[in-house]
Amino acid sequence: MDHTAERVTLARLPSGVEVETTVHSYDGDRDGPTVYAQAAQHGREINGTEVLRRVHRRLTEGDTDLAGRLVAVPVADPLTFDRVSYTTPEQLDSVNPNMNRVWPGDSEGSLHERMAARLWEYVADADAVLDLHTGSPNMLTHVVFTEGHERSRSLAEAFGTDLLLSEEAGEDADEEWANRNFGGKLRVAAAREGIPTITPELAHSKQFVEDAVETGVTGVENALAHLGLLDADPEPNGDCVVARNHLGRVTADESGLFRADPDRSVGERVAAGERVGTLYDPTTYDVIQEVETDRAGVLYALAQEATVTSGGKLLNVALVREE
């Protein structure tokens with residue numbers, strides 16, 4: 001197996017300074033598919049970067065028999081990475097501050113559109129895509145795939161984690177999806193071109209979460225084995241409950257303090273109408289809202305920060321599709 005690391009220019013700043021990143025290529029001794037993997041498209045989401053570092057070490061330090069090609073970009077958006085942020089400052093891209101809303105990009109567009117277009121050159125040549133992200137401290141580690149794209153679902157099942165979430169796209173999606181411009185996500189754009197793509201959400205941001213990193217390493221290696229790049233059997237990597245994500249959520253009726261019941265945690269099964277916590281007025285102690293689940297399924301997000309404003313998200317429940 002041959003490994004190369006190339007510095008690639010994604011765009012240029014007004015001063016003429018180039019925005020660069022490193023693209024790693026691992027070429028096997030045998031023919032096989034091409035897989036594109038990236039991390040830190042949102043700069044504060046670093047667990048995926050650590051996953052790719054550990055996969056790199058395993059591929060290069062051992063006698064790995066690789067078929068085909070793996071292309072890996074550990075820092076997809078250097079601008080947000082340096083700011084430890086989710087978006088770029090308005091001065092750099094006021095039109096498209098979130099890179100994961102502009103795929104497949106535009107080589108003559110805004111800064112993020114140009115960066116995405118440059119990386120899309122690698123995506124377009126791939127037979128599968130792994131777009132590594134993190135969620136939040138409120139959220140269960142999970143993998144997202146596009147509803148109705150069966151090869152993406154198979155890739156998600158191979159990757160693993162306890163929860164696999166399908167999301168609707170295109171004309172099947174609801175109004176909120178359109179309003180949030182989710183059609184410009186890398187996963188959606190690649191699946192639209194027939195490329196199986198998944199988004200693993202590996203724990204939360206700004207710090208390494210060891211369990212999530214190990215889940216990610218096992219998941220990437222499982223995906224490579226599933227696609228035929230590695231000659232290995234996938235390892236167990238969670239219970240893999242398949243559920244449907246929904247963009248609706250239970251929100252705070254008013255501003256106040258939210259206290260989740262101590263026996264509640266993400267990952268548990270819930271019925272519709274189950275009590276999860278209490279929202280109360282911190283000055284009068286009056287109960288504002290007895291917070292309940294809006295449907296049956298898997299409680300995969302639960303607010304951890306107590307101070308909430310009206311309309312803020314308190315919890316999400318994913319609809320279980322199959323056991």
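The values are calculated or read from the model by the stated rules, or taken from the named source; none is laboratory data. Just so you know, these numbers come straight off a predicted model, no measurement behind them. Every residue, glycine as well, gets a Cβ built from its backbone with ideal geometry; the counts of neighbours run over all protein chains shown. What goes into the accessible areas is simple: the full protein's heavy atoms, side chains included, and nothing from ligands, DNA or RNA. Shrake-Rupley method; radii C 1.70, N 1.55, O 1.52, S 1.80 Å.
Rolling a 1.4 angstrom probe over the chain with all protein chains present gives an accessible area of which 43% lies on carbon and sulfur atoms.
Net charge dipole, segment 198-323: roughly 420 debye, given to the nearest 20, about the Cα centre with Cβ charges of +1 for Lys and Arg and -1 for Asp and Glu.
Let's see if you can work this out: charge +1 on each Lys and Arg Cβ, -1 on each Asp and Glu Cβ, no other charges. What is the dipole magnitude of the chain about its Cα centre, in debye to the nearest 20?
Details: 29 positive and 58 negative charges, 124 e Å.
I would put it at about 600 debye.
Comparing Cα centroids, segment 111-138 and segment 236-300 end up 31 angstrom apart.
Among the chymotrypsin sites (Phe, Trp or Tyr not before Pro) in segment 269-323, those placed in a DSSP loop whose Cβ has at most 10 other Cβ atoms within 10 Å are Tyr285. Projecting the Cα positions of Ala296, Ala252, Tyr280 onto the charge dipole of segment 242-297 (unit charges on Cβ atoms of Lys, Arg, Asp and Glu, taken about the Cα centre) puts Ala296 furthest along the positive direction. A Gaussian network model of the chain, with springs between Cα atoms under 10 Å, assigns the largest mean-square fluctuation among Asn237, Asn181, Asn138 to Asn181.
For Gly277, nonlocal amide neighbours, meaning residues 5 or more places apart or on other chains whose placed amide H falls under 5 Å from its own, are Asp261, Val291. The C-alpha atoms of the chain define a longest principal axis, and helix 47-61 lies at about 30 degrees to it.
Using a simple spin-label model with pseudo-atoms 7 Å out from Cα toward Cβ, Lys313 and Glu214 lie 2.8 nm apart.
For the chain, averaging the sequence separation of C-alpha pairs within contact (under 8 Å, six or more residues apart) and dividing by the residue count gives a relative contact order of 16 percent. Each peptide in 287-297, 10-20 was scored by the mean count of other Cβ atoms within 10 Å over its residues; highest first, the order is 287-297, 10-20.
By average Cβ neighbour count within 10 Å, what is the ranking of 22-33, 115-126 from highest down?
Values: 22-33: 15.8, 115-126: 19.8.
Peptide ranking by packing, descending: 115-126, 22-33.
Once the Cβ-Cβ distance of Glu305 and Asp281 is raised to the sixth power relative to R0 = 25 Å, the FRET efficiency obtained is 0.90. Report, in degrees rounded to the nearest 10, the 0 to 90 angle that the Cα long axis of helix 111-124 makes with the longest principal axis of the chain. Helix 111-124 sits roughly 60 degrees off the main axis of the chain. Think of a 1.4 Å ball rolled over the protein heavy atoms: the chain then has 45 Å² of accessible area per residue.
In terms of the mean number of neighbouring beta-carbon atoms within 10 Å, the peptides 302-309, 55-62 order highest first as 302-309, 55-62. Stokes-Einstein diffusion for segment 83-230 at 4 °C, viscosity 1.567 mPa s, with a Kirkwood radius from C-alpha pairs, works out to 81 µm²/s.
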